[in-house]
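Enquirer: Just passing along the structure, written as structure tokens.
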Amino acid sequence: MQKFIIRILIPLFFIMILPISAEGTSLRNSVVKIFVTANSMDYYKPWQSLGNRQGTGSGCVIEGNKIITNAHVVSDNTFIQVRKESDPQKYTAKLEAIGHDCDLAVLSVEDKTFFDDIIPIEFGELPKLQDTVTVIGFPLGGDKLSITEGVVSRIEVIPYTQSSKKLLGVQIDAAINPGNSGGPIFFNGKLVGIAMQVISSSQNIGFMIPTPIVNHFLDDLKDGNYDGFPTLGIEFYNTENKALREMFQIQNQEGGVFVTHVVPFSSAYGALNPDDIVLEVNGVAIGTDGTYQFRENERLIFSHLINRKQTGEKILIKISRQGKIITKNIRLSHFVSLVPYPNYFDKPPYYIYGGMVLTVLSSDLLRSWGKKWWEKAPINFMNYLVGLGSLNKNLKKEIIVLLNILPDNLNIGYHQYRNEVIEKINGKEFNSFKEFIMLLENNKDDFTIFETDEQFKIIIDNKGIEKITDDIIRRNNIPKKYSEDVAAWLKERESHEPMQN
């Protein structure tokens, strides 16, 4: 089974350097410095933001008078400017599209004179091991363009820090520093990647987003919407063991992986089953370790075959099920995990009831615990990310959590309770935050009983609950008792209620 491994990968959030001499001038003109003012949300206090911050990054001009950069450079932006090395003027830019899963974004500049002396960068192919590449950008340490070189040392599917999504990445040993993020990486004068992240505990281990991922992102945008990279939605184990192969009647088959779990609501849900053996994906044989022949003497994990497809496309999966060979035609979807990946919510949803601050468990919330959040976040929360809870046997769409209790006479005795998972309201289960809110709003009982996953009960008297809640949020300087999405749900509910004479 694939294990959840935390690797300390740091987005660069500032960029790199430039190369070459013959084409140096035109390439340098195509690389821009990006100035960003951003304001991120506070997921532990979801009604407020963390305040403005400034940062810089890099980008490059591509066809269509567009600038491509990292998503993490422009995430949560409130204002963006770009500047060429050859021009002291900064130009206002606008975010056109963003893909957090692949850490890419596209910017536009309203003043078209910005592009007058720029030749769009031409895309190249995925480089090979030991190819020497050139990194161009604006890292910390100075204001001028910087150029470094490095060697391609590894090509494999890796977790992208911005989203935790596992996609094709290329490791290089060129110097990549804060400010390099979003900058182009060249081979033979063509763009082969975008600088992305580094391993903080090592020296000169950086990663770039290769052109197959960049092209997938740009192709996805052609219809005006970004759908994201699809996911099959299975957990699997290798089939190297002889007894396992005999028991599942695949001793005469080559390769294959053993499906241990099918994630609810994923592409494979309802099509594949635990104990299935995946033998081929679109006619490509899968090895016993889950890899396939990518290029000569190179193998990649077979999830890359899925990632190459666009959301909505179909793939053929050849499996062995109880000794019978079966082919499944599966439509791929952009799967949302039980604990959504980072940057899933534009603004965190929340609801305050009698001083109880309630929200949805997400990776962004877990990251509120700061550095080494995977060690500091509550164990009961982490269980739904990497523990048994992540199997989602109860078919939940979202996990609802009690973050904190704002003290009041109404909730005396419960002030110490926080970071609890709520499973029931008045004995009723729910599968989503919306369903949870509707149960609260429709509750006509004298009391509301919140039951946690540890079977502890918090009992709230409903008499005058709305006025009390309003008073609590006023005393705590909270602007609203629920988020905008919750307000929309409640408005929709009111519009469907029958008129009374």
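Read-outs: derived from the displayed coordinates by stated rules, not from any lab. These figures come from a predicted structure and were not determined experimentally. Cβ placement follows ideal geometry from the backbone for every residue including glycine, while neighbour counts extend to all protein chains displayed.
Enquirer: Please give the per residue volume of the convex hull enclosing the alpha carbon atoms of the stretch 310-394, rounded to a whole number of Å³. Can you show the working numbers first?
Expert: Numbers: hull volume 14.9 nm³, N = 85.
Looking at the stretch 310-394, the number lands at 175 Å³ per residue.
Enquirer: Please list, short to long, the whole-number percent of alpha-carbon pairs of the stretch 253-322 in consecutive 10 angstrom bins beginning at zero.
Expert: 20, 53, 25, 2
Enquirer: Next question, about the same structure. When only C-alpha pairs under 8 Å and at least 6 residues apart count, what is the relative contact order of the stretch 234-331, in percent?
Expert: Details: 179 pairs, mean separation 26.2, N = 98.
Reported as a whole number, the value is 27 percent.
Enquirer: At 7 Å along the Cα-to-beta-carbon direction for both VAL386 and PHE79, put a label point, then send me their distance in nm to one decimal.
Expert: The modelled label-to-label distance comes out at 4.0 nm.
Enquirer: Under 5 Å between amide H atoms, partner at least 5 residues away or on a different chain: which partners does GLU423 have, H built in plane at 1.01 Å?
Expert: The list, which skips near neighbours in sequence, is GLU451, THR452, ASP453.
Enquirer: Taking Rh as the Kirkwood radius, which is the inverse of the mean 1/r over Cα pairs, what is the Rg/Rh value for the stretch 43-131? If you can, show how the numbers build up before the last one.
Expert: On the way: Rg = 15.6 Å, Rh = 15.0 Å.
Expressed as Rg/Rh, it is 1.04.
Enquirer: Checking the a/c ratio against 1.5 first, then a/b against b/c, what shape does the Cα gyration tensor give for the stretch 247-387?
Expert: Values: a/c = 2.30, a/b = 2.22, b/c = 1.04.
The shape class here is prolate.
Enquirer: Show me the three semi-axes of the equivalent ellipsoid for the stretch 194-326, from the C-alpha gyration tensor (sqrt of 5 times each eigenvalue), largest first, rounded to whole Å. List each step's numbers first, then the result.
Expert: Values: eigenvalues 177, 80, 36 Å².
After scaling each eigenvalue by five and taking roots: 30, 20, 13 Å.
Enquirer: According to a simple spin-label model (label point 7 Å from Cα along Cα-to-Cβ), what is the distance in nm between MET247 and GLU156?
Expert: 2.8 nm
Enquirer: What fraction of the DSSP beta bridges in the chain is antiparallel, stated in percent and rounded to the nearest 5?
Expert: 95 percent
Enquirer: If I fit a long axis through the Cα atoms of helix 465-475 and take the longest principal axis of the Cα atoms of the chain, what angle between them do I get, 0 to 90°, rounded to 10?
Expert: In the chain, helix 465-475 runs at an angle near 50 degrees to the longest axis.
Enquirer: Related question: Per residue of the chain, what 222 nm ellipticity follows from adding -39500 (n - 2.57) for every DSSP H run with n ≥ 4, rounded to the nearest 500? Numbers along the way, then the final one.
Expert: Values: 11 runs with 81 residues, N = 501.
Roughly -4000 deg cm²/dmol at 222 nm, from the helical runs in the chain.
Enquirer: For the stretch 364-501, just the Cα atoms, rotate onto the principal axes and tell me the three extents in Å, largest first.
Expert: Computed over the stretch 364-501, the largest-to-smallest principal extents equal 56, 34, 28 Å.
Enquirer: Any chance you could tell me what percent of the C-alpha pair distances in the stretch 1-226 go past 29 Å? Write out the running numbers ahead of the final one.
Expert: On the way: 5051 of 25425 pairs.
When all Cα pairs of the stretch 1-226 are counted, 20 percent exceed 29 Å.
Enquirer: Between exposed chymotrypsin sites (Phe, Trp or Tyr not before Pro) in the chain, where DSSP calls loop and at most 14 other Cβ atoms lie within 10 Å, what's the longest gap?
Expert: Values: sites that count: PHE4, PHE456.
Counting only loop sites that pass the neighbour cut-off, the longest clear stretch is 5-455.
Enquirer: With the crude spin-label approximation of a point 7 Å out along Cα→Cβ, what separation in nm comes out for HIS415 versus LYS457?
Expert: Simple spin-label model gives 2.4 nm for this pair.
Enquirer: Determine the shape class of the stretch 97-239: with a ≥ b ≥ c the square roots of the Cα gyration tensor eigenvalues, call it rounded for a/c under 1.5, and otherwise prolate if a/b is greater than b/c, oblate otherwise. Intermediate values should be presented prior to the final figure.
Expert: Numbers: a/c = 1.74, a/b = 1.15, b/c = 1.51.
Judged from the Cα gyration tensor, the stretch 97-239 comes out oblate (a/c at least 1.5, b/c at or above a/b).
Enquirer: If you add up the charges near SER320, with Lys and Arg at +1 and Asp and Glu at -1, over every other residue whose beta carbon is less than 14 angstrom from its beta carbon, what do you get?
Expert: Details: positive: ARG245, LYS318, ARG321, LYS324, LYS328; negative: GLU246, GLU254, ASP275, ASP276, GLU280.
Combined, the nearby Lys, Arg, Asp and Glu give 0.
Enquirer: Here's another thing I want to ask about it. Report the local net charge at LEU332: Lys and Arg +1, Asp and Glu -1, summed over other residues whose C-beta lies under 11 Å from its C-beta. The partial results should precede the final answer.
Expert: Working: positive: ARG308, LYS309, LYS314, ARG331; negative: ASP227, GLU313.
Spelling it out: positives minus negatives among the neighbours equals +2.
Enquirer: Give the relative contact order (percent, whole number) for the chain; include only Cα pairs under 8 Å separated by 6+ residues. Numbers along the way, then the final one.
Expert: Details: 1173 pairs, mean separation 58.8, N = 501.
Relative contact order for the chain comes out at 12 percent.
Enquirer: Related question: Using each residue's phi in the stretch 170-178, evaluate 6.51 cos²θ - 1.76 cosθ + 1.60 at θ = phi - 60° and report the 3J(HN,Hα) Karplus result to the nearest Hz, with x for Gly and Pro.
Expert: Values per residue, Gly and Pro as x: 10, 8, 10, 9, 6, 5, 10, 10, x Hz.
Enquirer: Same structure, new question: Hey, with R₀ at 51 Å, roughly what FRET efficiency would THR92 and ILE325 work out to, going by the Cβ-Cβ distance, to 0.05?
Expert: Numbers: r = 59 Å, r/R0 = 1.15.
For THR92 and ILE325, the calculated efficiency is 0.30.
Enquirer: Beyond 18 Å, what share of the Cα-Cα pairs of the stretch 165-224 remains, rounded to the nearest whole percent?
Expert: Details: 656 of 1770 pairs.
Taking all Cα-Cα pairs of the stretch 165-224, the fraction more than 18 Å apart is 37 percent.
Enquirer: Provide the per-residue ³J(HN,Hα) series for the stretch 292-305, in order, calculated from phi with Karplus coefficients 6.51, -1.76, 1.60 and θ = phi - 60°, each as a whole number of Hz, with x at glycine and proline positions.
Expert: Computed from phi, the couplings for the stretch 292-305 are 9, 6, 8, 9, 4, 6, 10, 10, 10, 4, 5, 4, 5, 5 Hz.
Enquirer: Please give the net charge around ASN65, taking every other residue with its beta carbon less than 11 angstrom from that of ASN65, where Lys and Arg add +1 and Asp and Glu add -1. Before the final figure, lay out the partial values.
Expert: Numbers: positive: LYS66, LYS112; negative: GLU63, GLU96, GLU110, ASP111, ASP116.
That sum, taken over residues with Cβ under 11 Å, equals -3.
Enquirer: Which one, [x] 3, 12, 13, 10, 8, 6, 5, 5, 5, 6, 7, 7, 6, 3, 2, 1, 1, 0, 0; [y] 4, 17, 24, 23, 18, 10, 3, 0, 0; [z] 4, 19, 29, 27, 16, 5, 1, 0, gives P(r) over Cα pairs in 10 Å bins from 0, in percent as derived from the coordinates shown?
Expert: Matching the structure shown: [y].
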